[in-house]
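Okay, so here's the structure we're looking at.
The values are calculated or read from the model by the stated rules, or taken from the named source; none is laboratory data. Please read all numbers here as calculations on a predicted model, not as lab measurements. No Cβ is skipped: glycine too gets one built from the backbone with ideal geometry, and neighbour counts run over all protein chains shown. What goes into the accessible areas is simple: the full protein's heavy atoms, side chains included, and nothing from ligands, DNA or RNA. Shrake-Rupley method; radii C 1.70, N 1.55, O 1.52, S 1.80 Å.
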Amino acid sequence: MSAPASPAHIEPRLLRVFVTVAEELHFTRAAARLYVAQQALSRDVRRLERELGAELFLRSTRQVSLTADGARLLPYARRVLAAQDALLAAFGQARPLLVDLNSPGLETARRVLYRARELAPDCELMARYESGLTGAAAELLAGRLDVSFGRFAGLDPALRSGLEHQPVRFEPMAVILPSEHRLAALDAVPLAALAGETVYAGAGNERTLEWTDLAFRLFEGRGTAVAPPLPLAVGEEEFRRVMAKDRYPILAVVGFPAIPGSVSRPLVDPVPLSPVSLVWRKGLVHPGVDALRRAAAEIGRAERWLQRPPDGWIPASDQGVMDDHK
């Protein structure tokens, strides 16, 4: 490759293109993620290579990979882009913030997002739905997502090391029962009453490992089984269809969207709690993150979201993680 033309004047936009291709290792997906034509994206990569005087990607008909120079550039490019984001945020020109709400209809994350939009009306806070925090964490670390909600203690320590979190709520848990189920007539279901039952808790879904782990911890020694993996349903309609086949009770949180032919009942004796945190990538500076943190704290104080009931239950490991941020 020829000598660089003017490396002192590299546009951050070209670095953003490079980082996106480096993360996707696929030009078509990278172009879709940046909302540009693939031809334009390829042109920008070639321009950056000319300006640096280095080949950044090895391309073949089947795959794209980083060269040694590309791998060397990547951490520098990420630091430059993080600094640019921080500078723009400081002067009120922040990019849109991508906020994962897990699933449509879940109350806690949605309320925090809506209040944050009120607190920072000039910020564009865009909702996304990644299903679970384990799946979202990988997207956060890759820079494809900015903020999510969920059980931080349920993440692998390797994932947690690159993330920050703020406790938001101890969310009461519930069980969704087929309307003809023997326990459906109760106003609340004691945990002991689920002995002998098999309850669905997302087993087999790699994006919701933290939720399935919470279920195993909750039901351990109580005579309740976690349902085996079911076909992974994408979307609300498919989830309802798959659940209607086996008619398993479903572990959920109070306020989970209604499922036709089923009833939701809070769990009691003890009251199991799902610890919810606001989670973002370490080093992320953005006024939208500040607004989300303020919104979570404001609602939490007003409604005592972080006050555990006397008979509340969470795993000891979760309590330690939540207490660390009090």
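Numbers at a glance
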| read-out | value |
| --- | --- |
| Distance from segment 273-303 to segment 115-180 (C-alpha centre basis), Å | 10 |
| Kirkwood Rh, Cα atoms: Rg over Rh of segment 111-197 | 1.10 |
| Kirkwood Rh and Cα Rg combined as Rg/Rh, the chain | 1.04 |
| Extension gain from LEU232 to SER65, taking 0.36 nm per residue of separation minus the Cα-Cα distance | 57.1 nm |
| With Cα atoms, 0 to 90° folded angle of helix 209-219 axis to the chain main axis | 20 |
| Square roots of five times the Cα gyration tensor eigenvalues for segment 163-321, Å | 29, 19, 15 |
| Span per principal axis, largest first, for the Cα atoms of segment 175-222 (Å) | 33, 23, 16 |
| Unit charges on C-beta of K, R, D, E only; dipole of the chain, Debye | 660 |
| Structure-based [θ]222 nm, the chain - -39500 (n - 2.57) summed over DSSP H runs of at least 4, per residue, nearest 500 | -12500 deg cm²/dmol |
| Separation of the PHE216 and ALA316 label points, Cα + 7 Å toward Cβ, nm | 1.8 |
| Shape of segment 11-158, Cα gyration tensor, a/c cut at 1.5 | prolate |
| Two-site label geometry, ARG182 and LEU88: point separation in nm, points 7 Å out along Cα→Cβ | 5.9 |
| Residue (of VAL263, LEU15, THR212) at the positive-pole extreme of the chain, dipole from beta-carbon charges | LEU15 |
| Solvent-accessible heavy-atom area per residue, rounded to whole Å², over the chain at 1.4 Å | 50 |
| Accessible area of the chain belonging to carbon and sulfur atoms, whole % at 1.4 Å probe | 54 |
| Heavy-atom accessible area ranking, 1.4 Å probe, most first, across MET126, MET173 | MET126, MET173 |
